[in-house]
Amino acid sequence: MKAAVLRGGQIVVDEVDEPVPGPGEVLVAVRACGICGSDLHFVHHGARFVQLSSEMRGVPTRPAVDLGRDVRMGHEFCGEVLEAGPDTDAPPPGTLVTSIPALQRGAERTSLSFTNDEAAGYGERMVLSASLLLEVPAGIDPAIAAMTEPLAVGLHAVNRSGIQAGDAAVVLGCGPVGLSIIAGLRRGGIEPIVATDYSPARRATALAMGAHEAVDPTTEDGVAAWRRLDGRRPLVVFEAVGVPGMIDGAMREAPRNTRIVVPGLCMETDVIQPVIGILKELTIQFVVAYDGDEFAGALDSIATGEIDVSPMITGRVGLDDIAQAFDDLARPDRHTKVVVEPHA
Ligand SMILES: [Zn+2]
């Protein structure tokens with residue numbers, strides 16, 4: 001079958017082995033898979049990511065991704081069940097499903113985000129664990145259902161922040177993570193929600209997703225906009241850009257006691273001035289991903305219409321155009337989320 005792989009730092013489309021479902025697994029046709037910012041980061045900073053992962057202590061070690069071999073990516077997917085593996089209880093063929101991007105084999109959970117040995121979302125077909133499947137209600141566009149994963153990332157950041165009604169929020173960066181955070185904040189009754197982004201298109205999307213104000217940081221800082229609009233409610237700042245200097249900037253602008261929540265995946269060394277955080281008693285909290293309940297909750301919010309993710313989808317491409325889409329996404333003025341549709 002056909003799949004896009006990362007080979008020697010480039011995204012190439014090639015023929016790959018057909019995935020075969022084992023016991024407890026199902027074969028699905030990938031109907032839609034969103035291109036994630038972390039995939040873009042991995043193309044450029046893969047070696048650093050692998051190195052830092054190997055240096056990390058205090059978490060279970062994962063098998064390292066071998067950049068000398070093809071790397072499969074694509075973790076924001078919606079698929080259609082084709083067949084079940086041996087002795088597997090699975091939804092009937094034709095059912096639309098999604099899943100957290102992992103395989104559960106006994107006690108072992110294998111990530112599908114960056115993998116040498118498994119099929120992932122940027123291909124015609126992939127294997128999923130029956131125990132992790134979530135059925136997508138009939139009538140939902142697979143591209144919309146594929147937004148479950150990025151939405152779950154945003155909802156998790158909001159959950160972990162502990163923000164509550166009566167607080168205010170500033171969201172730095174209106175990519176898919178920032179926009180998903182905005183949707184979660186709006187659902188939680190947070191007011192005002194101030195968004196910042198250089199891109200006019202992304203600021204417009206932020207307003208569509210529930211921000212009360214969206215400002216261009218070259219003309220007005222997000223915290224300054226909060227001061228103009230409100231200036232008294234306890235503030236939570238979400239850093240969803242992930243480039244060096246963002247955390248330092250947020251620390252300098254934030255009022256005393258602000259919480260700064262950081263899902264922005266900065267792959268480079270960054271510098272902060274601890275004394276600023278100390279003098280203002282700031283809290284900095286790093287967050288990643290979601291748990292199974294948050295993932296299921298994100299799908300539910302999409303399916304019931306509680307959260308409309310459609311403003312985030314700015315492009316749809318076939319497998320052959322995926323390398324071009326990676327290039328286009330590097331220019332945030334044109335795109336927010338591009339969805340790959342391998343069979344469209
Ligand atoms: Zn993602």
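Before moving on, here are some points about what is shown:
- Of the residues making up region 293-344, those that are over 15 Å from Met147 (Cα atoms) and small (Gly, Ala, Ser) number 5.
- Test: residue in region 317-324 that is touching a His at 6+ places or on another chain (Cβ under 8 Å) and either of a type outside the set (Asp, Glu) or within 25 Å of Val237 (Cα to Cα) (or both): no
- Within region 104-115, the presence of at least one residue that is over 20 Å from the mean Cα position of the chain (by Cα) and in contact (Cβ under 8 Å) with a residue 12 or more places away in the chain is confirmed.
- Cβ separations smaller than 6 Å between residues 6+ apart or across chains give the following pairs from region 181-200 residues that are over 13 Å from Phe238 (Cα atoms) to residues that are at pLDDT 95 or above and surrounded by fewer than 17 Cβ atoms within 10 Å (Cβ to Cβ): Gly189/Ala165; Pro192/Leu229; Pro192/Asp230.
- Checked across region 178-198, the condition of being in a strand (DSSP E or B), open to solvent by 10 Å² or more (accessible area, probe 1.4 Å) and among the charged types (D, E, K, R) holds for no residue.
- Test: residue in region 33-53 that is open to solvent by 60 Å² or more (accessible area, probe 1.4 Å), away from the ligand (no atom under 16 Å from the Cβ), within 27 Å of Val288 (Cβ to Cβ) and hydroxyl-bearing (Ser, Thr, Tyr): no
- Flag if Leu27 is part of a strand (DSSP E or B), over 30 Å from Arg331 (Cβ atoms) and in contact (Cβ under 8 Å) with a residue 40 or more places away in the chain: yes
- Residue tally, condition in a loop (DSSP other than H, G, I, E, B), free of Cβ contacts under 8 Å to residues at least 40 places away in the same chain and in contact with a strand residue (DSSP E or B) (Cβ under 6 Å, 6 or more places away or on another chain), over region 289-344: 1
- Residue in region 221-235 that is buried (at least 24 other Cβ atoms within 10 Å of the Cβ) and among the aromatic types (Phe, Trp, Tyr) present: yes
- For region 204-220, the condition of being crowded, with 18+ Cβ neighbours inside 10 Å, assigned to a helix (DSSP H, G or I) and in contact with a Gly (Cβ under 6 Å, 6 or more places away or on another chain) holds for none of the residues.
Each row is one residue, and each column tells you yes or no for (1) within 16 Å of the ligand (Cβ to nearest atom); (2) touching a residue at least 60 places away in the same chain (Cβ under 8 Å); (3) touching a strand residue (DSSP E or B) at 6+ places or on another chain (Cβ under 6 Å).
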residue	(1), (2), (3)
Glu55	no, no, no
Gly58	no, no, no
Pro63	no, no, no
Val71	yes, yes, yes
Ala84	no, yes, yes
Asp87	no, yes, no
Ile100	yes, yes, no
Asp117	no, no, no
Glu124	no, yes, yes
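The values are calculated or read from the model by the stated rules, or taken from the named source; none is laboratory data. All values reported here derive from a predicted model rather than from experimental measurement. A quick note on method: Cβ atoms are made from the backbone with ideal geometry, for glycine too, and the neighbour counts reach across all protein chains shown. For accessibility, only protein heavy atoms count, side chains too; no ligands or nucleic acids. Shrake-Rupley method; radii C 1.70, N 1.55, O 1.52, S 1.80 Å.
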